[in-house]
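So the structure is just underneath, and the comments pick up after that.
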Amino acid sequence: MEDEAPDFIEIHEIVIQKLGHVPIIKGDFHVLPKKVQKYLAKWVYKCKPRALYICDGTHAEAEEITHKLIERGVLTPLPKYDNCYLCRTDPADVARVESKTWIATEEKYETVPHVRQGVRGILGQWKHIKDLEKEVSEDLEGCMAGRTMYVIPFSMGPIGGTMSKIGIQLTDSNYVLLCMRIMTRVSSTIWEMLGDNDFVRCVHSMGCPRPVQRKVVNHWPCNPEKIMIGHFPARREIVSYGSGYGGNSLLGKKCFALRIASVIARDEGWLAEHMLIMGLTNKKTGEEKFVCAAFPSACGKTNLAMIRPTIPGYEVRVVGDDIAWLRFDKKGVLRAINPESGFFGVAPGTNMKTNPNAMLTFQKNSIFTNVAETADGGFYWEGMEDEIDKDAYSKMAMTNWLNQPWKIGMPGNAAHPNSRFTCPAAQCPIIHPKWEDPEGVPVSALIFGGRRPTGVPLVFESNSWQHGVMVGACVKSESTAAAEHTGKKIMHDPMAMRPFMGYNFGKYLQHWLEMETPDRQMPKIFHVNWFRVDEHGKFLWPGFGDNIRVLDWILRRCAGDESIAVKSPIGSLPKKGCMNLDGIDNFDWDELFSLPKHYWMDDMRESKRFLEDQVGIDVPQVIWDELNAQEKRIEESL
């Protein structure tokens, strides 16, 4: 009979000078490239973890970590679905913290524009590199004491792809490890792929070393009073402290894929944008075109990416719902990849009407954060009311995001308004077969948009690339004011990149303008507005699946159909009768496409004032020329 033995692991270690022995509970330090070994040694010395865990991204690894988190109470299984889990955070750690997000450079105006004196800049926050280094050094000293440092090798974009970039994240949160495994491509093959090349350095700590000084709520150690998200673009480094919320802790997402990547893109001659990527195939001709679209939050970007058309004739497939990296190939064609491998979406408002494909995507292998849990092991959030048996659910016990008993009809929210689903993109029923093509997909159109209740038509096409860049620079969207009863106001969100700029926005506009060269096939640029309302506050456009009608017009314009457009002072509008409106009743074309002169004159003045205040001398002269020319057209034509 063989000897029976308990489970055991073989432990290796590294010895850090002045720190001592640090066990390696998983992985082989010796296979790591020398640059990575030095990077690890630096941060192990600073953060002082009790052990190192070198991740490989395997299913077995995820299972091991998941079981540990269930035992600790961090994750709750949702047995109604396959391999889905609920996580509740500390209620003080539920969102991105823009006020604590910094870009550090030697020279201020490399990061932020020349804001008018007395005006608070909203296009990035700068700290001198030495000041942020001092803050990082103080915050991260011993920040992982008593905890394991997880080493996560990941690729943004397909591993080995020509447009892809490699990052390595260090974290003391195994929740972050599980989510990074969904949102990026985590694999041990990255070590070999990396070799002596450089990588984006990502360091994250919950800021809660042991012994714990602050009460831990919901098994979620964090330090919300001292949150700091710092970026060092020159050395491609991100340091995040105090928060476990995805936007602050999944450093491959906005921090790497937009803020740091936008700087890399500037240096290498491409674009990193807050854009969806979708393919639309004309079933009659079999021709497929791809479009990218940039909208501020709450404007339906994910819903459009996964649209279910209400008219026949198109097959829609999604490449990405949030971020696009765009580069012109040798033939002058703009190509886009989705650098992510998962969807990190807002749960409330997502349902079978607004986004059935998203609902179908996260039925398995997904993590839900700060949503409600039903007594039968399911998820629930605001917006799902019409999809449930109201009689059954009104009586069914639930547990809300605060881990309190809750039922429909009770005060407060079941789910936090910023609660999230994290799910693999590959599970989406309409994921594009080429969504992981390392060469990317060819882009025919770029679309900007915002939530504009008055004045702005459903769709218009810019007159040129330069005019289109100006249109993007003037993107605005209605936003609910933070204070109760203060109403709604229009907020500027240029290029839908306001919170995600990695360098001076004026230089960013110049970089966009320089994308146009004679040997390139420049995509057409459009602006859409699904949210215009009538005098009674009723939406003039049905939206959702009917937005395919607008995309149809855009694609016909990209194909060169001159018969379906009329010139206007702000660009080309659809010619009346040239959009497929079958099945839409009580449609007021004239109101939806009207251009009130007083509105547009005010809008142009306000846009110019915004750029004068926020960007100042950094605004490229071409943008001023386009603004002045459009203002003159409005004055003379309307």
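The values are calculated or read from the model by the stated rules, or taken from the named source; none is laboratory data. Note that this is a predicted model, so its numbers are computed, not measured. Glycine also receives a Cβ, built like all others from the backbone with ideal geometry; neighbour counts cover every protein chain displayed. Quick note on the areas: whole protein, heavy atoms, side chains included, nothing else; ligands and nucleic acids left out. Shrake-Rupley method; radii C 1.70, N 1.55, O 1.52, S 1.80 Å.
Remarks
- Expressed as a whole percent, the accessible surface of segment 440-579 that belongs to carbon and sulfur atoms is 51, based on a 1.4 Å probe.
- Between 0 and 90°, nearest 10: helix 621-637 axis offset from the chain longest Cα axis: 40
- Solvent exposure of the chain, expressed per residue, is 42 Å² of accessible area, with all protein chains present and a 1.4 angstrom probe.
- Cα pair distances of segment 527-638 binned at 10 Å [whole percent]: 11, 35, 34, 17, 2
- Peptides 78-84, 233-239, 404-410, 185-191 ranked from most to least packed, by the mean per-residue count of other Cβ atoms within 10 Å: 185-191, 233-239, 78-84, 404-410.
- Cut-off 10 Å between beta-carbons: net charge of the residues surrounding I584, Lys and Arg +1, Asp and Glu -1: -2
- Across K226/K253; K46/K226; K489/K567; K575/K597, pairs whose alpha-carbon gap is larger than 23 Å: K489/K567
- Only alpha carbons enter this Debye calculation for the chain, each as an equal point scatterer, and the log10 of I(q)/I(0) it gives at q = 0.05, 0.08, 0.09, 0.12 Å⁻¹ is -0.23, -0.60, -0.76, -1.35.
- DSSP assigns beta bridges within the chain; of those with both partners inside it, close to 65 percent run antiparallel.
- Taking a ≥ b ≥ c as the square roots of the eigenvalues of the Cα gyration tensor, segment 248-368 is classed as oblate, since a/c reaches at least 1.5 and a/b does not exceed b/c.
- Entry note: segment 489-559 has Rg to Rh equal to 1.07, where both radii use alpha-carbon atoms and Rh is the Kirkwood radius.
- Once divided by 2.2 N^0.38 Å, the Cα radius of gyration of segment 413-562 becomes 1.23.
- Mean separation of Cα contacts under 8 Å, 6 or more apart, over the residue count of segment 344-475: relative contact order %: 29
- Relative contact order [Cα under 8 Å, 6+ residues apart], segment 253-356, whole percent: 28
- Computed over the alpha-carbon pairs of segment 75-174, the distance histogram in 10 Å steps reads 11, 21, 36, 23, 8, 1 percent, short to long.
- Here the translational diffusion coefficient of segment 44-110 follows from Stokes-Einstein with Rh set to the Kirkwood radius across Cα pairs; for 25 °C and 0.890 mPa s it amounts to 151 µm²/s.
- Only helical runs count toward this figure. For the chain, summing -39,500 (n - 2.57) over DSSP H runs of n ≥ 4 and dividing by all residues gives -7000 deg cm²/dmol at 222 nm.
- As a ratio to 2.2 N^0.38 Å, the alpha-carbon radius of gyration for segment 335-409 is 1.25.
- Here the ratio of the Cα radius of gyration of segment 381-428 to 2.2 N^0.38 Å is 1.33.
- Folded to 0 to 90 degrees: helix 59-72 orientation relative to the chain principal axis, Cα: 80
- Rounded to the nearest whole angstrom, the semi-axes of the ellipsoid equivalent to segment 179-326, taken from the Cα gyration tensor as √(5λ), stand at 35, 21, 14, largest first.
- Net charge in the neighbourhood of R451 (other residues with Cβ under 12 Å of its Cβ; Lys, Arg +1, Asp, Glu -1) is +4.
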